[in-house]
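Only the coordinates and a few stated rules stand behind these numbers; no lab work does. Since this is a predicted model, take the numbers as computed values, not measurements. Reconstructed Cβ throughout: ideal geometry from the backbone, glycine too, with neighbour counts over all protein chains shown.
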Amino acid sequence: MKEEIIIAGFGGQGVLSMGKILAYSGIMQGQEVTWMPSYGPEMRGGTANVTVILSDKKISSPILSKFDTAIILNQQSMDKFEDGVKPGGLLIYDPNGITRHPKRKDINVCTIAAVDLSAELGNSKAYNMVVLGAFLSKKPIVNLENVIKGLKKSIPERHHSLIPMNEQAIKVGMEKIQVINSL
Amino acid sequence: MAEKILMKGNEAIAHAAIRCGCDGYFGYPITPQSEIMETLMEEQPWETTGMVVLQAESETSSINMIYGGACCGKKVMTSSSSPGVSLMCEGLSYLAGAELPCLVVNVVRGGPGLGTIQPGQGDYFQAVKGGGHGDYKMVVLAPSSAQEMYDFVDLSFELAFKYRTPAMILADGVVGQMMETVELRPMKPRLTNEQIIEKYSSWATTGKTPGRKQNVVTSLALDSIIHEQLNNTLQAKYRKMEEDDVRFEEIMCDDAEHVIVAYGCMARICESTVEMARKEGIKLGLLRPITLFPFPTNEINRLVPQLKTMMSVELSAGQMVEDVRLAVNGRIPVNFFGRLGGIVPSPDEVFEAFKKAINK
């Protein structure tokens, strides 16, 4: 198993932390992982992306131009990464704020209305966990038990009371993902 | 097996420093390596091991604080990125001239000048050919994973004290910022003052005791005869390093007809390029220098007879390629591929460049 993922959106959406939780979940499942962020002067509101690789074997390059999965959370990232999905790969996006939807027919495309869903949950900070849930429903490369363990590792202990809420957000994401194009 | 922790290469440097018995860190923040001092400040090792962590007022100041600590036989280090290391070069020359051990970590970004905060490897010449003035060398280690960032801290100190010379970890923005799993090694205690006197009182300023000669640490020798002797001593050390402490890794070189030479993050990327080439039946291998000084010249020499071409791949305009060409000495073509400005090429981009070069 080897899954090469790009998660891209605005800074502040939890793109980097979603990648970190996914990476930690992989470690809990005994996988090799790398987490390579875009780093730069961007702060909240700017663009941010992270490449996460989970694999059964040692990982060579942490830098990629093609991805098994692209998780796209704003228009700029759609413009930049739609072409980077491998043929037969998966593109998941939140339609909120997207004006140009993906055109490709050689990939699987799904949407997750995570802005609306996290608002319904009453916690907009659970946004990234709704998206993570959507991803895991299509690519169950780590099981939920290990994701919860990963969450515990990556969230400071003083915030562990929020874990049940995060778990609920992941489950909502798993349930509410919508398939737009299926190969 | 010890627990594996997900951390950035920069964070690994900080944890390794505390756990290998480092006495002091003196630094000044700069992207992409600020997490080193941030992690040290969070960990507060002055409360546990007694290690000093101090933010100096500039890089010039931090390198001179290191000079002071090293004079006393202490394990001291600093870290910075390219423009900051340029400010330290005067100090590095003095440290080398005074035969003082220390560790300087350079998490390289794109230059020249303020350049970019994105990854680069354009400081190769500065690290292995000098940077400061005079005929000196440093041990230069090039990590390509977070685990090596961790492990090379202890190794650098070991080599720095073995040869009484500054050691440098030449990393890059990718290796510094990337998170991977790191296994923490067992804790080593800091040396006590008594242990430092026992080990280093032949040269360090540990306080003169009756019966012991006065130790003078300086790089100044106004008598030309004495100064030439000092230089000869330094050169003899560098030759000894070349004999005993060259480190490198080879991937798929046994049957290779072509070899890519790359270090740091580019070695990881080129490893994927090698996998791509092998799938297409091209016998490509990878030589990854781990010590950039001393350089694996003899290993390149050994490989040349079986090869058609070599190619150096760097985040520079072509620096290490000069050392590869010196080793190959015109026997086979040595190609070059590099990107500048903080752009990091993907494995397929390197593969395309490789195929273009061999089909020329």
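Other protein chain C-beta atoms within 10 Å of residue C-beta, averaged over A:60-72: 5. The convex hull of the Cα atoms of region A:1-140, projected and averaged over all directions, covers 8.2 nm². Mean sequence separation of contacting Cα pairs (under 8 Å, at least six apart), scaled by the length of chain A, corresponds to a relative contact order of 24 percent. Distance from the Cα centre of region A:120-147 to that of region B:301-325, in angstrom? With region A:120-147 and region B:301-325 each reduced to a Cα centre, they are spaced 46 Å. Note: relative contact order over chain B, using C-alpha pairs below 8 Å and six or more positions apart, is 18 percent. Region A:22-100 and region B:221-245 have Cα centres separated by 51 Å. Think of each Lys and Arg Cβ as +1 and each Asp and Glu Cβ as -1; about the Cα centre, that makes the dipole of chain A roughly 180 debye.
Treating each Cα of region B:4-183 as an identical point scatterer and ignoring solvent, apply the Debye formula and state log10 I(q)/I(0) at q = 0.16, 0.20 Å⁻¹. Summing over Cα pairs of region B:4-183 leads to -0.86, -1.42. Extent of the protein assembly as shown along its three principal axes (Cα atoms, max minus min coordinate, largest first): 82, 59, 42 Å. Taken over region A:66-183, the ratio of Cα radius of gyration to 2.2 N^0.38 Å equals 1.08. Rounded to the nearest 20, the size of the Cβ-charge dipole of the protein assembly as shown about its Cα centre is 420 debye, with Lys and Arg at +1 and Asp and Glu at -1. Annotation for region B:12-30 versus region B:330-347: alpha-carbon center distance of 33 Å. What GluC sites (Glu not before Pro) in region B:265-360 are in a loop by DSSP, with at most 12 other Cβ atoms within 10 Å of the Cβ? Within region B:265-360, the qualifying GluC sites (Glu not before Pro) (loop, at most 12 other Cβ atoms within 10 Å) are B:280. Per-residue shielding of B:137-147, expressed as the average number of other chain Cβ atoms within 10 Å of the residue Cβ, stands at 1. Which is farthest toward the positive dipole end of chain B among B:102, B:260, B:216, measuring Cα position about the Cα centre, with Cβ charges +1 (Lys, Arg) and -1 (Asp, Glu)? Final value for the positive-end residue is B:216.
The label point for residue B:226 and the one for residue B:308, both projected 7 Å from the Cα toward the Cβ, are 6.0 nm apart.
If you bin all the Cα-Cα distances of chain B at 10 Å, starting from zero, the percentages per bin are 5, 25, 32, 23, 11, 3, 0, 0. Ordering B:31-41, A:74-84, A:133-143 by mean Cβ neighbour count within 10 Å, with the highest value first, yields B:31-41, A:133-143, A:74-84. Would you list, by chain and number, the aspartates and glutamates whose Cα falls below 12 Å from the Cα of residue A:57, excluding same-chain residues fewer than 8 positions away? List returned: A:3, A:32. Taken about its Cα centre, region B:250-358 carries a charge dipole of roughly 180 debye when the Cβ of each Lys and Arg holds +1 and the Cβ of each Asp and Glu holds -1. Spacing of the modelled spin labels on residue B:217 and residue A:80, each 7 Å from Cα toward Cβ, amounts to 4.6 nm.
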